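As structure tokens, the structure follows; a few thoughts come after it.
The values are calculated or read from the model by the stated rules, or taken from the named source; none is laboratory data. Note that this is a predicted model, so its numbers are computed, not measured. Here the Cβ positions follow ideal geometry from the backbone for every residue, glycine too, while neighbour counts run over all protein chains shown. To get the accessible areas, we keep the full protein, side chains included, count just its heavy atoms, and leave off ligands, DNA and RNA. Shrake-Rupley method; radii C 1.70, N 1.55, O 1.52, S 1.80 Å.
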Amino acid sequence: MAIMVDEAFAWSLLEAAREQAEKSWSEGGIPIGAALADSTGHIVARGHNLRVQTDDPTAHAEMVCIRNAGRRRDWDRLVMATTLSPCAMCSGTTCLLGIGHVVIGENRTFSGAEHWLAEHDIETTILDDPACVALMERMQREKPDLWMEDIGQ
């Protein structure tokens, strides 16, 4: 079931995700964040990339956020914001759970498996947020080896 998201809601949820991305960066991690909310805008979970901090290659921001949400039966009525286009693992999990809508901060520095979301009728909103772009460009500039590790090269 697709959930329509207005612009104010999308930006508000993305702000929560960006705060998580900044938190990860301040911890020495990868600056990607995610937030999950119900259709009223109530945030049910937040997460930031913990790959570096926990030495866990599956601890992407979206996966951590989903884990933090716990067992649920309302995935199709939730909206997830992520600061960066979701990779194959995160897009696949989003499809598997049937999350209703995904707000993507940016897909310029990395374009993930967004086509899977479309193939599973999951609505997306791409905000092309300059702040999200700046987070990833900073990582590419300051920690190029970590960037290459994170995108799988």
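Annotations for the structure displayed:
- Segment 58-77: number of residues that are free of Cβ contacts under 8 Å to residues at least 60 places away in the same chain and touching an Asp or Glu at 6+ places or on another chain (Cβ under 8 Å): 1
- Residue match in segment 79-92 (condition: touching a residue at least 12 places away in the same chain (Cβ under 8 Å), open to solvent by 30 Å² or more (accessible area, probe 1.4 Å), polar (S, T, N, Q) and within 22 Å of Thr109 (Cβ to Cβ)): no
- Of all the criteria given as (1) modelled with pLDDT under 95; (2) touching a strand residue (DSSP E or B) at 6+ places or on another chain (Cβ under 8 Å); (3) more than 18 Å from Leu127 (Cβ to Cβ), the one not satisfied by Met1 is (2).
- Taking every residue in segment 1-25 that is in contact (Cβ under 8 Å) with a residue 12 or more places away in the chain and among the basic types (Lys, Arg) and pairing it with any residue that is open to solvent by 40 Å² or more (accessible area, probe 1.4 Å) and not in a loop (DSSP other than H, G, I, E, B), at least 6 positions away or on another chain, the pairs with Cβ-Cβ distances below 7 Å are Arg18/Ala131.
- Which listed residue, of Ile122, Ile126, Ile66, Ile104, is farther than 25 Å from Gly28 by Cα and either among the small types (Gly, Ala, Ser) or under 12 Å from the mean Cα position of the chain (by Cα) (or both): Ile126
- Looking across segment 12-45, the residues that are of a type outside the set (Gly, Ala, Ser) and either in contact with an Asp or Glu (Cβ under 8 Å, 6 or more places away or on another chain) or in a loop (DSSP other than H, G, I, E, B) (or both) come down to Leu14, Arg18, Glu27, Ile30, Pro31, Ile32, Asp38, Thr40, His42, Val44.
- Flag not set for Leu50, criterion: touching a residue at least 40 places away in the same chain (Cβ under 8 Å) and surrounded by 15 or more Cβ atoms within 10 Å (Cβ to Cβ).
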